[in-house]
Amino acid sequence: MVKRLITRYFKRRQLLAHAALKQRYLVIDLELTGLDAKQHEIVSLAWVVIENQCIKMSQSQHLINKEVKNLAQSPVYHGINNDNVAAGQSLHSILEHLSEHFNDCILVFHNAMLDWGFLKPALKNANITTRPKLILCTLQIEKKRLQHQGVEIKQDDLTLNECRNRYELPSYHCHHALTDAQATAELFLAQCHQISSGRGLKVRELV
């Protein structure tokens, strides 16, 4: 156990020292029935790959969990109904497919605390023990960047749309997992280039 922890620690240190723009990223977004991982469910999950600073939409996935027990009022936000759910896949198969990328990608979320808060126990319940190389959060990257500039952060300043607006990125219709994953990927690349200012950017600067 101790040896495994030490190995993981040194792998993380090495990764943090690597050039950020040369890494492979998996940008993930979830649609949920609510915000509490203890009582709400994952409705759908989508991801896109970033490689060599390019968003590879050809490698994107959008999968719906057919095991959702109660959509409640959530279709108002994400538009997924019971018919869509019935045509979906098991959560276990979705998570297996997702976790195949963990060994060669850094994970990126817009709100990692929320989405990883759902994914981590779901992976555990599915007996999937593969660990991601690293998890980054565009919300936290933006918060850190604004704090460094001395900007006062208001309540809605860190939503995906508001963060994108600062980089003059186009508006998307949100609350569709694949669209939000793509929007987060675009935001992430914009943040990387803004922070780097033309110089080399290390992964540690995004943590």
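The values are calculated or read from the model by the stated rules, or taken from the named source; none is laboratory data. Note that the structure is predicted; figures quoted are calculated from it, not measured. Note: ideal-geometry Cβ built from the backbone for every residue, glycine included; neighbour counts use all protein chains shown.
Remarks
- Subset of region 59-95 [among the charged types (D, E, K, R), in contact with a helix residue (DSSP H, G or I) (Cβ under 6 Å, 6 or more places away or on another chain) and over 14 Å from His40 (Cβ atoms)]: Lys66
- If only residues of region 129-155 that are over 20 Å from His193 (Cβ atoms) and more than 19 Å from the chain's Cα centre (by Cα) are counted, the one that is surrounded by the most Cβ atoms within 10 Å (Cβ to Cβ) is Ile153.
- Residue check for Phe109: among the hydrophobic types (A, V, I, L, M, F, W, C), surrounded by fewer than 21 Cβ atoms within 10 Å (Cβ to Cβ) and under 26 Å from Asn52 (Cα atoms): no
- Flag if Gln182 is at pLDDT 95 or above, on the phi < 0 side of the Ramachandran plot, among the polar types (S, T, N, Q) and out of contact with any helix residue (DSSP H, G or I) (no Cβ under 9 Å at 6 or more places or on another chain): yes
- Residue in region 104-122 that is at negative phi, at pLDDT below 95 and not hydroxyl-bearing (Ser, Thr, Tyr) present: yes
- Leu134 touching a His at 6+ places or on another chain (Cβ under 9 Å) and modelled with pLDDT of 90 or more: no
- Just one of the listed residues (Ser90, Ser99) is touching a residue at least 12 places away in the same chain (Cβ under 8 Å) and under 18 Å from Asp29 (Cβ atoms), and it is Ser99.
- Of the helices (runs of 4 or more DSSP H) lying entirely inside region 1-110, those carrying at least 3 residues that are within 15 Å of the chain's Cα centre (by Cα) are 91-99.
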